Number of protein chains: 6
Amino acid sequence: MYELGVVHRSIRRADHDVAAKLGTFGTATVHEAMGRTGLLNPYIRPIYAGAHTSGTAVTVLLHPGDNWMLHVAAEQILPGDIVVAAVTAECTDGYFGDLLATSFKARGAQGLVIAAGVRDVRLLTEMEFPVWSKAISAKGTVKAALGSVNIPIVCAGALVSPGDVVVADEDGVVVVPAAAAQKTLEAAAARETSEDEKRAKLAAGILGLDMYNMREPLQKAGLKYID
Amino acid sequence: MYELGVVHRSIRRADHDVAAKLGTFGTATVHEAMGRTGLLNPYIRPIYAGAHTSGTAVTVLLHPGDNWMLHVAAEQILPGDIVVAAVTAECTDGYFGDLLATSFKARGAQGLVIAAGVRDVRLLTEMEFPVWSKAISAKGTVKAALGSVNIPIVCAGALVSPGDVVVADEDGVVVVPAAAAQKTLEAAAARETSEDEKRAKLAAGILGLDMYNMREPLQKAGLKYID
Amino acid sequence: MYELGVVHRSIRRADHDVAAKLGTFGTATVHEAMGRTGLLNPYIRPIYAGAHTSGTAVTVLLHPGDNWMLHVAAEQILPGDIVVAAVTAECTDGYFGDLLATSFKARGAQGLVIAAGVRDVRLLTEMEFPVWSKAISAKGTVKAALGSVNIPIVCAGALVSPGDVVVADEDGVVVVPAAAAQKTLEAAAARETSEDEKRAKLAAGILGLDMYNMREPLQKAGLKYID
Amino acid sequence: MYELGVVHRSIRRADHDVAAKLGTFGTATVHEAMGRTGLLNPYIRPIYAGAHTSGTAVTVLLHPGDNWMLHVAAEQILPGDIVVAAVTAECTDGYFGDLLATSFKARGAQGLVIAAGVRDVRLLTEMEFPVWSKAISAKGTVKAALGSVNIPIVCAGALVSPGDVVVADEDGVVVVPAAAAQKTLEAAAARETSEDEKRAKLAAGILGLDMYNMREPLQKAGLKYID
Amino acid sequence: MYELGVVHRSIRRADHDVAAKLGTFGTATVHEAMGRTGLLNPYIRPIYAGAHTSGTAVTVLLHPGDNWMLHVAAEQILPGDIVVAAVTAECTDGYFGDLLATSFKARGAQGLVIAAGVRDVRLLTEMEFPVWSKAISAKGTVKAALGSVNIPIVCAGALVSPGDVVVADEDGVVVVPAAAAQKTLEAAAARETSEDEKRAKLAAGILGLDMYNMREPLQKAGLKYID
Amino acid sequence: MYELGVVHRSIRRADHDVAAKLGTFGTATVHEAMGRTGLLNPYIRPIYAGAHTSGTAVTVLLHPGDNWMLHVAAEQILPGDIVVAAVTAECTDGYFGDLLATSFKARGAQGLVIAAGVRDVRLLTEMEFPVWSKAISAKGTVKAALGSVNIPIVCAGALVSPGDVVVADEDGVVVVPAAAAQKTLEAAAARETSEDEKRAKLAAGILGLDMYNMREPLQKAGLKYID
């Protein structure tokens, strides 16, 4: 049960430096570092190729066809934030375009993740303001109903609390709770180092079967080779 | 970020009497009484016509194609509970059939809400064990990976905490946080009384336009009648 | 470009007797009688098994999450009408429940076709008020934005003008322009007679291959039988 | 690459008695007995509640919007057969209605599985002719293009060869290759016996955790109970 | 009920200069200028990034899997036209490829909007012939059934009449009735001027909350700020 | 019924030269050359613009959320192969990323076709390792369950046998049985020549109506021109 009509002005943001570093690893590595949790549903896609960013979440709860609270959220943005917006029902309308992007950018926002539609895709691409959305639609919205800003929301199947780290790239969007950010960063870094070594071996023709010692467990599981 | 591999045995359940009374109002009224929040996505549908129930949530987090934790959850069921299950990725497999339903029923479960598939629909219907699911599929699942029981989960777009009241009927499923159950019950009861009066007036031919005093706001909004 | 904020009170309805007779043939026959046109998209489904009706269209244009105009439409209903409602964007909210159904029924409505969601399905079923919808959802709607009543609308991919005949059953919904209703009725009647004869022959074991003289065209088309 | 324009008249059907017995176990059990393979995608659903049957496959390859080959297939039906139809592209048109059902029934068909739409649902229900389809649509089809009858087809994601056993019920549709029918029957029977015993224990309140000896593997996997 | 088998050769096109100017504003602005109506459903997407155009509609009604009428339509194209094609049932086949594009381009077409699939995407991109479609598919079509050219059609949920202005870009496709084109152009121009001013203010850090005077209505609506 | 737990090491590959030449024609032409069969469903899309390749199929059957068999498959890759992977149930997880791509590339693979999700899209694009998938998702997979390598599989609605030619480009993916590869190549070449001539004529303004001699059949079919 969402708390409606409130704006929390004082949120505890994850460390911005940690958020930035998590962004360098990308969503696949961060998601693995969190024990394979925290991903938004894969129907959330970047609006242009190459989009990637990370930051701390300013959350917004919207109503269908109504983007009023995005304007309220703008005032709560600090440099390094990513706005994460959910809607109380399925909606593909274009809640966000180049005007709001101009405002968000002026406030220091790193990007937008929204479980609805956006528009002005050409201009957003030119501005290099990265957006992850469920749809692209020219359809505009009204400004009539109160939602909330900076409450915990469910966005595309994931729970996002204000201040959480959000990492977004071409593979999707992952949320790291503020309290787990530092630990996740260490796990991601460890994983990345390990991946570099593996990549070199695989490029040299060594098989994953051997590198990961899979032949014995496969045999035990009953795999049969037929010539 | 879900906590994996844990079972919380001591959960604070909403009052069972309140949960039962909320069930008599149905999801539409309860959802309105909560300020139009708390609904699961409408792709969660009952597997047979006429299914309706209410209870307190035992939550389960599952992995794709793996129903191991449903067996773990069975032990945590108390009479009056409803099991609410989410999966860490999209999956339509049949996680639940008549054997698990027999076990759940023996433990006193009121029903199951699952963001995945179920099977043995004919037997579940005969048993009158109500299930709300995303799919029906004969496909079986394995028992291999640890999820969790009685942690807060996101199920079909809604946050469900263990002990919350769950109301489910042919219109869908709504979740009432335990702390808001009593207040929601009162709001629902007030609404219901009001609806009975309205129904009688409408049946007598009085228009909503007059009963709700809509003619003036419609005129102000600019509505024009053309003959 | 829809005309917004208008209610046309004087519409030319197709003959009610013709509408009723068309209803006896069902959507499949009526659709064939119209040269295979006029069907709404098949995602529009009846909310209960066995629903079937016909009538003349009172059309409504709604906004997402807003059912205000359904109340406006109620006043325009005459006995024998079916309300047909479109929304200006995708929406699955529950626009219509037992209160509005009570009002519509008191006005003489035959049913509702809506390219959105409805709720109170159990009560609507008990009332035997047939509804064809895109979704079932307990989610309520507001009363805030002006749409229109009795303008031509696009509903689930079909153009529906006020006064058109609407035939709806378990196979879907078909719209017959008022001007074509009489001619379509005659074509449907002719088709139906022909179907009765065919049914008897097929039940007696005569093959469609022979009854429809398909063997020669199949051979000409190059069909080969392999033993 | 499908072979187009051919009708294989001599197909090797699985034993009808075996097919009938497999039908008594239902799709969930048969699918398990085959090592969890052979299921059609779960979007194939029965058109009425309670539909269940089994038989040997007569396969049909259709073109979008064209049901000509269903008439050709009718002649190839022997008592105990189920017609299984695929389309060369996505299509929801109503390929099959009460006339074809009358003909199929007269030939001894047990039912129809079709990866497209059907119509005349009310009549098919009254006739108790079971159909599993992807859609219901009043939209008719033409008779213009050659497909094939009794070639191996891919239907809703599963490979179906003529003569295979098809088991269909409310949980979906499963295909058993003719060569594996007897072995699958034995495995299904063994599984069923085992299920009866389990059901009794679970009904008596014994937990699956104990009955399946899951406590130790769960502990080894690291499951933690928190009070 | 579509009129089948006809080609209207004399259509009243909107002024080409007005169509061209509307194109410079883009779909979002034009849609707003029309009172938020006229958009095609957002599943219609451009086949390559950066596609944008405008023109006057030549409409085509097609049958599933049959592109015959696109050839008939080619002859009706005048320089500055956009072909808008609907299909009488859901279909994702590739109706249009580089050969037809070569022909359409030679006739002066500005692009194609089609509620179905297209193919030869690489070549269409190289040719810079913009297409908005529902799908991309290599599947070819036949030339067998009569549809119509230059009749009013319902395309992706919008009514399109021959001669209407069509504006298409990365945000989608919007249709402006010929009779409303001049008025819409003026409204779009006014809106655009207003947007330029707003953009500058927002870029300078002024909040929408202040620029649009939202603080008072938000307070009246009950918004609470919590520190 | 899939054979599980087997790896066929000796498969009969189509001629690599033929496979390469088929690739030059693209999927639309090859699909036409095969009599309009052999296409995978159009929801299989390339992960980056411009992807196109061809090769011989190494097939893999996977379980939901489990990519173990992709490692087993790597060892079976010969230069010029394309890996084609199906999953036993619907799954959008990211089965494949830059590490496996490095390994596949080192073995000489031309690309991957997978009826599931992939990740590391940015790196795969930089590596120019072409992938056609159903989804993009950062979600990782486990290595636990045995599938098979080089058995016939159903992938996105098409039957693919090991050694078949696979052609993939921006229009989709088509499969040519090894036995039909040479014949299909000849048919594709003939078609291509014919297309070059047609393109020149159409570019010169000749209408398809005249070039294909459609005017008479259209008139016979009853097409009417209205001025």
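Can you say what percent of the DSSP beta bridges in chain E, counting only those with both residues inside, are antiparallel? Round to 5.
The answer is about 50 percent antiparallel.
Please compute P(r) over all alpha-carbon pairs of segment D:62-101, binned at 5 Å starting from zero, and give each bin as a whole-number percent.
In whole percents, the pair-distance histogram is 6, 21, 33, 26, 11, 4.
Amide H neighbours of residue A:173 under 5 Å, at least 5 residues apart or on other chains, H built in the peptide plane: list them.
Distant-sequence amide H within range of residue A:173: A:40.
Give the average, rounded to an integer, of partner chain Cβ atoms located within 10 angstrom of each Cβ in D:38-45.
Mean inter-chain Cβ contacts per residue within 10 Å come to 5.
Per Stokes-Einstein, at 10 °C and 1.306 mPa s, what whole-number D in µm² s⁻¹ belongs to chain E, with the Kirkwood radius over Cα pairs as the hydrodynamic radius?
86
Once you place label points 7 Å from the Cα toward the Cβ at residue F:197 and residue B:17, how far apart are they in nm?
9.1
Scan around residue E:66 for amide H atoms under 5 Å from its own, H built in the peptide plane at 1.01 Å from N, and keep only partners 5 or more places away or cross-chain.
E:142
Shortest first and in nm to one decimal, what separations exist between residue D:49 and its copies in the other chains, measuring from label points 7 Å along the Cα-to-beta-carbon line?
In nanometres, ordered from closest: 0.6, 0.6, 5.1, 5.2, 5.2.
Mind pulling up the Rg/Rh value for segment B:15-92? Radius of gyration and Kirkwood radius, both on Cα.
0.98
Using the Karplus curve 6.51 cos²θ - 1.76 cosθ + 1.60 with θ = phi - 60°, work out ³J(HN,Hα) for each residue of segment A:139-154 in order, rounded to whole Hz, and write x for Gly and Pro.
5, x, 10, 9, 10, 9, 10, 7, x, 9, 10, 6, 10, x, 10, 9
Would you mind giving the mean number of other chain beta-carbons within 10 Å of the Cβ of each residue in A:154-164, as a whole number?
3
Could you pull out every residue, at least 5 positions away or on a different chain, whose amide H is within less than 5 Å of the one on residue D:113? Hs are placed 1.01 Å off N in the peptide plane, and Pro or chain starts have none.
Answer set, sorted by chain and number: D:83, D:84, D:85, D:132.
Can you tell me the Rg and Dmax of segment E:120-187, counting just the alpha carbons, in angstroms?
15.1, 44
In whole Hz, what ³J(HN,Hα) sequence does segment D:41-58 give by Karplus (6.51, -1.76, 1.60; θ = phi - 60°), x for Gly and Pro?
4, x, 6, 7, 10, x, 7, 9, 5, x, 4, 7, 6, 7, x, 9, 7, 9
What are the distances, in nm and sorted shortest first, from the label point of residue F:199 to the label points of the same position in each other copy, with each label point placed 7 Å from Cα along the Cα-to-Cβ direction?
Label-point distances to the other copies, shortest first: 3.8, 3.8, 5.6, 6.5, 6.9 nm.
Find the chain F residue whose Cβ sits closest to the rotation axis that carries F onto A, and give that distance in whole Å.
Closest Cβ on chain F to the axis mapping it onto A, in Å: F:49, 4.
Add -39500 (n - 2.57) for each DSSP H run of 4 or more in chain D, then divide by its residues: what number comes out at 222 nm, to the nearest 500 deg cm²/dmol?
Roughly -10000 deg cm²/dmol at 222 nm, from the helical runs in chain D.
Every other copy gets compared here: list the nm distances from the residue B:222 label point (7 Å along Cα to Cβ) to its counterparts, shortest first, one decimal.
Nearest first, the other copies' label points are 2.7, 4.6, 6.1, 6.1, 7.1 nm away.
How do B:22-32, C:150-160 rank on mean C-beta neighbours within 10 Å, highest first?
Output ranking for B:22-32, C:150-160: B:22-32, C:150-160.
In Å³ and rounded to a whole number, note down the convex hull volume per residue for the Cα atoms of segment A:22-156.
Expressed per residue, the convex hull around the Cα atoms of segment A:22-156 is 99 Å³.
By per-residue mean of other Cβ atoms within 10 Å, what is the highest-first order of D:2-9, C:217-224, A:91-98?
A:91-98, D:2-9, C:217-224
For residue D:189 and residue A:183, FRET efficiency with R0 = 56 Å and r from the beta-carbon atoms, rounded to 0.05?
0.60
Per-residue Cβ counts within 10 Å, from other chains only, averaged over B:171-177: what number is that?
4
How large are Rg and Dmax for the protein assembly as shown when only the alpha carbon atoms are used, in Å?
30.2, 83
Quick check: Cα centre of segment F:172-227 to Cα centre of segment E:128-177, how many Å?
Going from one Cα centre to the other spans 21 Å.
List, largest first, the extents of the alpha carbons of segment E:80-164 along their principal axes, each in whole Å.
The principal-axis extents, from largest down, are 31, 28, 23 Å.
Coordinate-derived values only; no laboratory data. As the structure is a computational prediction, the values presented were derived from the model and not from experiment. Note that each Cβ is placed from the backbone with ideal geometry, even for glycine, and that neighbours are counted across all protein chains shown.
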